[in-house]
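The values are calculated or read from the model by the stated rules, or taken from the named source; none is laboratory data. Everything numeric in this text was worked out from a predicted model, so none of it was measured. So basically every Cβ, Gly included, is an ideal-geometry build from the backbone, and we count neighbours across all protein chains shown. Side chains included, ligands, DNA and RNA excluded: accessible areas come from the protein's heavy atoms. Shrake-Rupley method; radii C 1.70, N 1.55, O 1.52, S 1.80 Å.
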Amino acid sequence: MKKESWGSRTGLILAMAGNAVGLGNFLRFPVQAVQNGGGAFILPYLICFLLMGIPLLFTEWSIGRFGGKLGNHSTPYILDSMSQKWYWKYIGVFGIFTNIAVVAYYTYIESWTFMYVIHSVIGTFSGLDKESISQFFDQYVLLQGSDFGIPLFPLLIYILVLGVNVYILSTGLGGIEKVAKIGMPLLILFGVLLAIRAWTMGDRFASEAFPDANAWDGINFLWTPQYSSLADPKVWLAAAGQIFFTLSVGMGSIQCYASYLKENEDIALNSVTAGFTNELVEVVLGSAIVIPIAAGFLGLDWVLENAGFGMAFQTMPYLFQQWGPAIGAFAGICWFGLLFFAGITSSLAMGTPWMGFMKDEFGWGKVKGAISFGLIALAMGIPTVLFYQYGYFDEYDYWAGTVSLVVFALLETILFTWIFGMDKGWQELNRGAEIQIPSAYQWIMKYITPVLLLMVLLGALITPAGNDWNAGFSNLLSGQGWSLDPSSLLAKLTFADLEAQLAADPSRSEFLERKMWFSGLARTQLAILFLVITAIVWYSSLHRKKTQP
């Protein structure tokens, strides 16, 4: 049987870039930048990209191609092939688990963007004030209004969008490549159009309510370096954390994509190209749309106080309408179309590790692999739609979409540089390379990157109160102890964050108790998924022993 492979280098790079360029580029990056001082965030972020992002790309592309030449197309046996220790294939379970768990809720966000494109086309937001548009989003995700008069309409649209993903996946790498070749150029086109509009706003849309509104204030805030941030641990940890969201590292999808490369096909230039394409989209376009447009209408002070994930859906449609019905509708189509393409090019990558594993181990074809992936994702994802208000979505995002990424990235880096060996790893990375990688990266990949990853993990584990690291260290040194922030991993693990909310506001006890119960249920569901995949990997190892001579 002929081994499946990429049709062209352009298709591979666009698919890899599409995997990296996701909703986090346009929804999370601007918010992180604002919450961490604007220009104070950019410099640490770019340094983290060079010291952690690029090394992780080198590592995952190398691991993937190495495993692929041995006939492995998913992380359990890719990692197993790099060490004699039996447990690495079970660590590789992260590379399947994370993708299924993330796509379960990630596709729900895609369905929002799809519906908002439709609403932009039919003019739903025309004439609505800011509060009404904000309520529209709340009613949609809380299932408090039946859109178009259809009960559970958000769930139906979620299933439809997930079905589109499954159909494309069933066509194999060729289908993914076609979507990347169409989706990525459209994404960039829509982004450029919106960025140009933002850059040319100036103070022309200031109003009596917001007389100081100026789009350039938002741009200057994001691009004025503040070197004092280099001494702020909070900013460094936020910058390092964003790397995972922006490059899709620590998931297992990059390894899977790279496993379909030929043995001597370049990975050095390809990985750098995909990485910098993502950075171009994120840093240039991601920072040039939401924040400047919001500052152009509402002023920078409003942005600093209200920056959050919901701005994309609760604020932007209203702001677009201020340009007039026609331009507002076009801007809405561009914005939510951009988000949809960013989402689907990423979610498609999440299906390939499961499909590659089932094909390698049990001979499943593309259609069977894609449908089974879709059904598992649907079973995991339905609760994120039905119980969104009780934190099901947030639990998936935190444990599968955040913690899991850091843990897996740290472990695979240790495997590649210390167990497989940096000398062998460097040879693997440079075989067929069309660029000369600075030799300093051998040292960076072996020492600096693991330390940064460990710092990110420890930072999440013991985040100090108020995320104020300077105060945390000062209190510790003065004998006052270390107070954990409710957002820390340890606090979340013990539900201390919800218990603190309960103590602060007993009037919400019924809601918070239900949220605690559903949060526990979500974690149980994630744990069961991980254990089931682990069991399948264990069974596959028995199957290998029986079928291999």
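Quick one: would you say Ser132 is polar (S, T, N, Q) and within 28 Å of Ile371 (Cα to Cα)?
So Ser132 fails the test.
If you go through region 47-89 one residue at a time, how many are among the aliphatic types (A, V, I, L, M) and free of Cβ contacts under 8 Å to residues at least 40 places away in the same chain?
The qualifying residues number 2.
Can you find even one residue in region 350-368 that is in contact with a helix residue (DSSP H, G or I) (Cβ under 7 Å, 6 or more places away or on another chain), of a type outside the set (S, T, N, Q), open to solvent by 50 Å² or more (accessible area, probe 1.4 Å) and without any contact (Cβ under 8 Å) to a residue 12 or more places away in the chain?
Checked region 350-368: at least one residue is in contact with a helix residue (DSSP H, G or I) (Cβ under 7 Å, 6 or more places away or on another chain), of a type outside the set (S, T, N, Q), open to solvent by 50 Å² or more (accessible area, probe 1.4 Å) and without any contact (Cβ under 8 Å) to a residue 12 or more places away in the chain.
Do you know which residues across region 446-472 are in a loop (DSSP other than H, G, I, E, B) and either in contact with a Cys (Cβ under 9 Å, 6 or more places away or on another chain) or aromatic (Phe, Trp, Tyr) (or both)?
Correct list: empty.
Can you confirm whether region 280-287 contains a residue that is in a helix (DSSP H, G or I) and either open to solvent by 30 Å² or more (accessible area, probe 1.4 Å) or closer than 21 Å to Tyr140 by Cα (or both)?
Yes; the residues of region 280-287 include at least one that is in a helix (DSSP H, G or I) and either open to solvent by 30 Å² or more (accessible area, probe 1.4 Å) or closer than 21 Å to Tyr140 by Cα (or both).
Here's the yes/no breakdown for (1) within 29 Å of Gly18 (Cα to Cα); (2) surrounded by fewer than 16 Cβ atoms within 10 Å (Cβ to Cβ); (3) touching a strand residue (DSSP E or B) at 6+ places or on another chain (Cβ under 9 Å):
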position: Glu110; (1), (2), (3): yes, no, no
position: Thr113; (1), (2), (3): yes, no, no
position: Phe125; (1), (2), (3): no, no, no
position: Ser134; (1), (2), (3): no, no, no
position: Phe148; (1), (2), (3): no, yes, no
position: Ile157; (1), (2), (3): yes, no, no
position: Val161; (1), (2), (3): yes, no, no
position: Val164; (1), (2), (3): yes, no, no
position: Leu169; (1), (2), (3): yes, no, no
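Which residue is nearest to Val303 (Cα to Cα), if the candidates are limited to region 222-232 and must be touching a Pro at 6+ places or on another chain (Cβ under 9 Å) and in a helix (DSSP H, G or I)?
Leu222
Would you check if Leu405 is closer than 27 Å to Arg28 by Cβ, in a helix (DSSP H, G or I) and open to solvent by 20 Å² or more (accessible area, probe 1.4 Å)?
Here the answer is no, as Leu405 does not meet what is asked.
Within region 299-350, how many residues turn out to be among the small types (Gly, Ala, Ser) and more than 30 Å from Gly374 (Cβ to Cβ)?
8
Out of all the residues in region 375-388, is one or more in a helix (DSSP H, G or I), crowded, with 20+ Cβ neighbours inside 10 Å and among the small types (Gly, Ala, Ser)?
The answer is yes; a qualifying residue exists.
Six or more apart or on different chains, Cβ under 7 Å: which pairs go from a residue in region 93-105 that's under 11 Å from Val537 (Cα atoms) to one that's among the aliphatic types (A, V, I, L, M) and surrounded by fewer than 24 Cβ atoms within 10 Å (Cβ to Cβ)? Could you list them?
These pairs meet every condition: Val93/Ile533; Val93/Val537; Ile96/Ile533.
Results for (1) at pLDDT 95 or above; (2) of a type in the set (Gly, Ala, Ser); (3) open to solvent by less than 20 Å² (accessible area, probe 1.4 Å); (4) in contact with an Asp or Glu (Cβ under 9 Å, 6 or more places away or on another chain), shown as yes or no for each residue.
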{"residue": "Leu46", "(1), (2), (3), (4)": "no, no, no, yes"}
{"residue": "Leu56", "(1), (2), (3), (4)": "yes, no, yes, yes"}
{"residue": "Phe66", "(1), (2), (3), (4)": "yes, no, no, yes"}
{"residue": "Lys69", "(1), (2), (3), (4)": "no, no, no, yes"}
{"residue": "Thr75", "(1), (2), (3), (4)": "yes, no, yes, yes"}
{"residue": "Lys85", "(1), (2), (3), (4)": "no, no, no, no"}
{"residue": "Gly95", "(1), (2), (3), (4)": "yes, yes, yes, yes"}
{"residue": "Thr98", "(1), (2), (3), (4)": "yes, no, yes, no"}
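Mind listing whichever residues of region 427-445 are open to solvent by 50 Å² or more (accessible area, probe 1.4 Å), in a helix (DSSP H, G or I) and touching a residue at least 12 places away in the same chain (Cβ under 8 Å)?
Once the filter is applied, which keeps residues that are open to solvent by 50 Å² or more (accessible area, probe 1.4 Å), in a helix (DSSP H, G or I) and touching a residue at least 12 places away in the same chain (Cβ under 8 Å), region 427-445 yields only Gln442.
Evaluate region 44-57: report whether one residue or more is over 28 Å from Trp335 (Cβ atoms) and aromatic (Phe, Trp, Tyr).
no
Being under 24 Å from Gly466 (Cα atoms) and touching a residue at least 60 places away in the same chain (Cβ under 8 Å), is that true of even one residue in region 498-517?
Looking through region 498-517, at least one residue is under 24 Å from Gly466 (Cα atoms) and touching a residue at least 60 places away in the same chain (Cβ under 8 Å).
Six or more apart or on different chains, Cβ under 6 Å: which pairs go from a residue in region 112-137 that's more than 13 Å from Ile333 (Cβ to Cβ) to one that's of a type in the set (Phe, Trp, Tyr) and open to solvent by 30 Å² or more (accessible area, probe 1.4 Å)? Could you list them?
Once the first residue is more than 13 Å from Ile333 (Cβ to Cβ) and sits in region 112-137, its partners that are of a type in the set (Phe, Trp, Tyr) and open to solvent by 30 Å² or more (accessible area, probe 1.4 Å) give Lys130/Tyr318; Ile133/Tyr318.
Scan the helices (runs of 4 or more DSSP H) fully inside region 293-346 and keep the ones with 2 or more residues being among the hydrophobic types (A, V, I, L, M, F, W, C) and open to solvent by less than 10 Å² (accessible area, probe 1.4 Å).
Result: 311-314, 316-321.
Collect the residues in region 249-279 that are open to solvent by less than 10 Å² (accessible area, probe 1.4 Å), within 22 Å of Gly174 (Cα to Cα) and part of a loop (DSSP other than H, G, I, E, B), keeping them in residue-number order.
Gly252, Ser259, Leu261, Asp266, Ile267
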